[in-house]
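The values are calculated or read from the model by the stated rules, or taken from the named source; none is laboratory data. Source: prediction; values computed, not measured. Cβ placement follows ideal geometry from the backbone for every residue including glycine, while neighbour counts extend to all protein chains displayed.
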């Protein structure tokens, strides 16, 4: 075991290749988190009342610097699911309007759009992605599907089951030219790849801070570009502008959501600090090398072709398509039950993908164990 | 200081008479809370994935026993605000339909109903309450305001600013006879007064577990009577019935809300245990006596008449109306800034109320200090 793993609570008897689903919060960050919770308990009225706005503003400012946006363009939420629900329920969709997405979206959000569009009489449509992914082809193909009723573009920045980094910048640029709203699901992005929200230019964006930015569960953000904030309607209505009068109606309406623990949000700056110290360039380069190795090994083991040419810089997940003859769910279960290897297998467009996440605590010898187990299991399934 | 106060993190230099706003979580319960958070971090996939449903079911069952309802009639939410938003957004209100409430409701929920009704073209109306409160008169007066367009009755079980225990049982009975939906805001109820949801017979009810039930922030419940559950539409749409298939669609749709910390919910059983051990009958009787004393003293100090005849059994809050000539906000600020006495002063129907909460850690000598300070301040404001 390397020393980095000692910084996490993760059980040492498990080979943990699934940071992507829920992340892992390091011990020093958990300490900061607990200190905030105790600080709250010492004087709840001061903390949740008089100090609340200032504390949250400071936490937003630290995240805004990390994401390069104005601090009044982001508000903390519990997870990307919450942010995307707020956006989807808010935006004005008329009967016949179309929300155009990809066929690589996260299942729960795919379902959410289906239901929201159905309620509003709008159309939710998924553009079929050609794999292996080619960025230019992807963008052209996506826009070949845009038509005058397309009012919203929704796509993942990094897809979930397939771990693909999608060319969202090009998509957003063309969406902006056409006056189509862009909503980006960056659930897997913060901490994994550098994110510059101002440069990216999306109308709405969300990211989780607990996956790759070392924050505790319950820390995520909703970004709304200043000029589009008035399109959002509070989803959970509380005091809002009846009580709060900062210079941002967006913050006033969306930040206070009844009594809740602010500690996950207040701990994000500590997650960012940890990230700066440990998710360094050499560490990231090493992870990339390990993922490239993973891609090659899995291609050999399963005798299936990867869905990307090469691992993009900074990416920490790789998903490999399983051949149809293999029962991926069974494979996953056996890996865990027999070898305590944790990784997800999920289905996208009728293909099962085995996804490997590499966080700073993973190392090559763990991968070698995985590959050996996979080879053995494939002959014994 | 009594020994009970050592069980809490609350600062000893502050006289804390505001348990009502945010509650206080005892150290032993916070320990349980932290253990759940670490347990999650040890194996996030197992905890938030494979074990999630079972863990939450157990936590719901413990609360359901405490509230006397079926465990599939309650789902954990972060706070009463969330629960009431879910209900209000869900229910079918046509143009002209009326939501009838009291003029004692919590400001944020009052605003929420105003906005929701406006969006739906419905009418939100507040029945004027005659004070001092008389239960029979209150019920009769409330129903004198009911008419054929009244589709929903909304009221607090214990009001916030005025700390009044309202006769909700009688209101619900008559609402049920008339086929009017009843929605009860029990934000301040669990742990303060015994609650039997089955006997009460409300259609929808919500309560916070962090105020008087010793749970951590972020623990509350939404109750929906079995026969009315299909009126609720998920507010935050996630996997729902695309992924979960228990025997309760209500639980499947409302329990999973994206990745979040389950620890506040899982800690509720520990809060209940603490409550059983410390909020005993003699302790409650003593609190009642102290509140009766408070009522008498404040009536003398302010020379205003109390809004209740006597402190109801189990109640742990008392709100006294301030005379118009006193600036309540200034009084409150001075109490804190000069004497470190924490209590809320809030306005309801143009009257300012000073509210005293007595939790198990408060004692009579603290009250005597408060009264002495008040007397002094009143001659020096």
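Answer with yes or no whether residue B:227 is surrounded by fewer than 19 Cβ atoms within 10 Å (Cβ to Cβ) and modelled with pLDDT under 95. Taking the combined requirement at face value, the residue does not satisfy it. For residue B:69, the conditions (1) assigned to a helix (DSSP H, G or I); (2) crowded, with 17+ Cβ neighbours inside 10 Å are fulfilled apart from (1). Assessment of the stretch A:248-258 against the conditions (more than 22 Å from residue A:88 (Cα to Cα) and either loosely packed, with under 15 Cβ neighbours inside 10 Å or in contact with a helix residue (DSSP H, G or I) (Cβ under 9 Å, 6 or more places away or on another chain) (or both)) yields no matching residue.
Tallying residues that are within 14 Å of chain B (Cβ to nearest Cβ) and within 20 Å of residue B:85 (Cβ to Cβ) within the stretch A:215-231 yields 3. Being touching a strand residue (DSSP E or B) at 6+ places or on another chain (Cβ under 8 Å), at the interface with chain B (Cβ under 8 Å from one of its Cβ atoms), surrounded by 24 or more Cβ atoms within 10 Å (Cβ to Cβ) and part of a helix (DSSP H, G or I), is that true of even one residue in the stretch A:42-50? No: the stretch A:42-50 contains no residue that is touching a strand residue (DSSP E or B) at 6+ places or on another chain (Cβ under 8 Å), at the interface with chain B (Cβ under 8 Å from one of its Cβ atoms), surrounded by 24 or more Cβ atoms within 10 Å (Cβ to Cβ) and part of a helix (DSSP H, G or I).
Residues in the stretch B:198-214 that are out of contact with any strand residue (DSSP E or B) (no Cβ under 6 Å at 6 or more places or on another chain) and more than 11 Å from chain A (Cβ to nearest Cβ) were compared, and the one that is surrounded by the fewest Cβ atoms within 10 Å (Cβ to Cβ) is B:199. Being within 14 Å of chain B (Cβ to nearest Cβ) and in contact (Cβ under 8 Å) with a residue 12 or more places away in the chain holds for only one residue in A:160, A:182, A:156, and it is A:160.
Here is a yes/no grid of residues against (1) out of contact with any helix residue (DSSP H, G or I) (no Cβ under 6 Å at 6 or more places or on another chain); (2) within 9 Å of chain A (Cβ to nearest Cβ); (3) touching a residue at least 60 places away in the same chain (Cβ under 8 Å):
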{"residue": "B:89", "(1), (2), (3)": "yes, yes, yes"}
{"residue": "B:101", "(1), (2), (3)": "yes, no, no"}
{"residue": "B:105", "(1), (2), (3)": "yes, no, yes"}
{"residue": "B:109", "(1), (2), (3)": "no, yes, yes"}
{"residue": "B:119", "(1), (2), (3)": "yes, yes, no"}
{"residue": "B:124", "(1), (2), (3)": "no, no, no"}
{"residue": "B:130", "(1), (2), (3)": "yes, no, no"}
{"residue": "B:140", "(1), (2), (3)": "yes, no, no"}
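If the condition is being within 12 Å of another protein chain (Cβ to nearest Cβ), in a helix (DSSP H, G or I) and within 19 Å of residue B:62 (Cα to Cα), then the stretch B:236-264 contributes B:263, B:264. Restricting attention to the stretch B:277-294, the residues being part of a loop (DSSP other than H, G, I, E, B) and exposed (fewer than 15 other Cβ atoms within 10 Å of the Cβ) number 1.
Residue check: is residue A:169 touching a helix residue (DSSP H, G or I) at 6+ places or on another chain (Cβ under 9 Å), more than 30 Å from residue B:109 (Cβ to Cβ) and free of Cβ contacts under 8 Å to residues at least 40 places away in the same chain? Before you say what the answer is, go through the steps one by one.
Numbers: touching a helix residue (DSSP H, G or I) at 6+ places or on another chain (Cβ under 9 Å): yes; more than 30 Å from residue B:109 (Cβ to Cβ): yes; free of Cβ contacts under 8 Å to residues at least 40 places away in the same chain: yes.
The answer is yes for residue A:169.
Scanning the stretch A:266-276 for residues that are in contact with a strand residue (DSSP E or B) (Cβ under 6 Å, 6 or more places away or on another chain) and either surrounded by 22 or more Cβ atoms within 10 Å (Cβ to Cβ) or in a loop (DSSP other than H, G, I, E, B) (or both) turns up nothing.
Residue-by-condition table, conditions (1) in contact (Cβ under 8 Å) with a residue 40 or more places away in the chain; (2) in a loop (DSSP other than H, G, I, E, B); (3) within 30 Å of residue B:23 (Cα to Cα):
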| site | (1), (2), (3) |
| --- | --- |
| A:195 | yes, yes, no |
| A:199 | yes, no, no |
| A:215 | yes, yes, yes |
| A:230 | no, no, no |
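Filtering B:375, B:340 for residues that are in contact (Cβ under 8 Å) with a residue 40 or more places away in the chain and at positive phi leaves a single hit, B:340. Taking the stretch B:316-342 as the range and being surrounded by fewer than 21 Cβ atoms within 10 Å (Cβ to Cβ) and closer than 28 Å to residue B:6 by Cβ as the test, the residues that pass are B:332, B:336, B:337, B:338, B:339, B:340. Annotation note: of B:315, B:307, B:287, the sole residue that is touching a residue at least 60 places away in the same chain (Cβ under 8 Å) and out of contact with any strand residue (DSSP E or B) (no Cβ under 8 Å at 6 or more places or on another chain) is B:287. Within the stretch A:307-365, the set of residues being closer than 15 Å to residue A:288 by Cβ and part of a helix (DSSP H, G or I) comprises A:364 only. Against the conditions (1) buried (at least 23 other Cβ atoms within 10 Å of the Cβ); (2) more than 19 Å from residue B:110 (Cβ to Cβ), residue A:236 satisfies every one except (2).
Under the condition of being touching a residue at least 24 places away in the same chain (Cβ under 8 Å) and more than 17 Å from residue B:185 (Cα to Cα), which residue from the stretch B:70-81 is nearest to the other protein chains (Cβ to nearest Cβ)? Here the answer is B:72.
Scanning the stretch A:1-41 for residues that are within 9 Å of another protein chain (Cβ to nearest Cβ), more than 26 Å from residue B:23 (Cβ to Cβ) and either assigned to a helix (DSSP H, G or I) or in contact with a strand residue (DSSP E or B) (Cβ under 7 Å, 6 or more places away or on another chain) (or both) yields A:10, A:14, A:16, A:18, A:19, A:21, A:22, A:27. Determine if the stretch B:267-289 includes at least one residue that is under 30 Å from residue A:84 (Cα atoms) and touching a helix residue (DSSP H, G or I) at 6+ places or on another chain (Cβ under 8 Å). Within the stretch B:267-289 (the criterion being under 30 Å from residue A:84 (Cα atoms) and touching a helix residue (DSSP H, G or I) at 6+ places or on another chain (Cβ under 8 Å)), the answer is yes, since at least one residue qualifies.
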